[in-house]
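First the structure, in the form of structure tokens, and then the observations on it.
The values are calculated or read from the model by the stated rules, or taken from the named source; none is laboratory data. Predicted, not measured: the structure shown is a model, and the values here were computed from it. In this analysis, Cβ positions are derived from the backbone assuming ideal geometry, glycine residues included, and neighbour counts consider all displayed protein chains. Just so you know, the surface numbers come from the protein's heavy atoms only, side chains and all, with ligands and any DNA or RNA stripped out. Shrake-Rupley method; radii C 1.70, N 1.55, O 1.52, S 1.80 Å.
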Amino acid sequence: MMQLAGTSVLLTGAAGGIGAALCAELAGTGVDVVAVGRDAPALARLAARGGAPGDGHVVPVTADITRPEGRARVLAAVAAARAPLRCVIHNAGVSRFGLYAEIEPAAIIEQVEVNLLAPMLLTQALLGRLLREPEAALVGIGSTFGSIGYPGYAGYCAGKFGLRGFLEALAREHADTALRVLHVAPRATRTSMNPAAATALNRELGVAIDEPDAVARQIIAAIRKGRRRLQLGWPEKFYTRVNGALPALVDRSIARQLPRIRRHARLAAT
């Protein structure tokens, strides 16, 4: 069982829904959180919450991790942390719901940069530090859409599929070390990343939506247990396995949803 209290955790996307919940949960159990994001006021609010004696500190770092200077700022904050870095959680993510032909190129680029390239480059910069620790964890917060390609999310799926493959390869590359690599795939979660049209589609399709606090608790429990994979939600666990073995069955299921998906995706563009 991995002990996180008394260590530092690097958390990207700390100002968002799952990120803020992770930050609060970690700090409340004695972890120092290097909280990275682009929303400086939100990060400042996280750092100012305070807590009981023995709680960890939240060190806010305003940085764009898709830029070299942003990643350099993150690395400097990690180097200055008072406790050893034992865990990195790549939680930063962006999504653009809409029909792929109608998404502007800049949004496609951003989704790949934030969801895949930035975690890869930060991991490379921090890997040596993690491998020197007696135990360490590298965590990527992916998505169910990193296992199931879904209409309206082509750019997002590309980044999350890539993140899953990257983490799986890295886990196997370091299987004989003390580093544990975990890929977490949440299902729909109640965060501000979801536009109104996507929320309306989920409601129409009867998709269950998780609360960020519940997701955060499951992620931290998986880190402590040293798990390598965590898919959240049912029937999502079932569908991801079916998609891997018999994708044609999922093709037919999603095809029946396609008219509704297109209608809501076009509303997202208006």
Filter result for ALA5 (among the small types (Gly, Ala, Ser), open to solvent by 50 Å² or more (accessible area, probe 1.4 Å) and at pLDDT below 95): yes
Within region 186-206, considering residues that are over 21 Å from PHE161 (Cα atoms) and either of a type in the set (A, V, I, L, M, F, W, C) or in contact with a Phe, Trp or Tyr (Cβ under 8 Å, 6 or more places away or on another chain) (or both), the one surrounded by the most Cβ atoms within 10 Å (Cβ to Cβ): LEU201
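Here is a yes/no grid of residues against (1) within 18 Å of the chain's Cα centre (by Cα); (2) more than 26 Å from THR144 (Cβ to Cβ):
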position	(1), (2)
VAL61	yes, yes
ILE65	yes, no
GLU69	no, yes
CYS87	yes, no
GLU102	no, no
LEU121	yes, no
GLN124	yes, yes
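Only residues that are open to solvent by less than 20 Å² (accessible area, probe 1.4 Å) and either within 25 Å of ALA154 (Cβ to Cβ) or modelled with pLDDT under 90 (or both): list them for region 213-232, please.
The initial filter retains those residues of region 213-232 that are open to solvent by less than 20 Å² (accessible area, probe 1.4 Å), namely 215-216, 219-220, 222-223, 230, 232.
Once the filter is applied, which keeps residues that are open to solvent by less than 20 Å² (accessible area, probe 1.4 Å) and either within 25 Å of ALA154 (Cβ to Cβ) or modelled with pLDDT under 90 (or both), region 213-232 yields VAL215, LEU230, LEU232.
With the condition kept exactly as written, say whether any residue in region 83-93 is charged (D, E, K, R) and modelled with pLDDT under 95.
Taking region 83-93 first, the residues charged (D, E, K, R) are 86.
If we keep only those that are modelled with pLDDT under 95 as well, we get none.
No; the residues of region 83-93 include none that is charged (D, E, K, R) and modelled with pLDDT under 95.
Can you go through ALA48, ALA106, ALA79, ALA72 and tell me which one is open to solvent by 50 Å² or more (accessible area, probe 1.4 Å), within 20 Å of ASN194 (Cα to Cα), without any contact (Cβ under 8 Å) to a residue 12 or more places away in the chain and of a type outside the set (Ser, Thr, Tyr)? Show your work before the answer.
Working: ALA48 fails: within 20 Å of ASN194 (Cα to Cα); ALA79 fails: within 20 Å of ASN194 (Cα to Cα); ALA72 fails: within 20 Å of ASN194 (Cα to Cα).
Every option except ALA106 fails the conditions.
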Answer yes or no: is there a residue in region 152-170 that is more than 16 Å from the chain's Cα centre (by Cα) and over 26 Å from ARG262 (Cβ atoms). yes
Out of the residues in region 59-69 that are in contact (Cβ under 8 Å) with a residue 12 or more places away in the chain and of a type outside the set (A, V, I, L, M), state the one that is nearest to GLY28 (Cα to Cα). PRO60
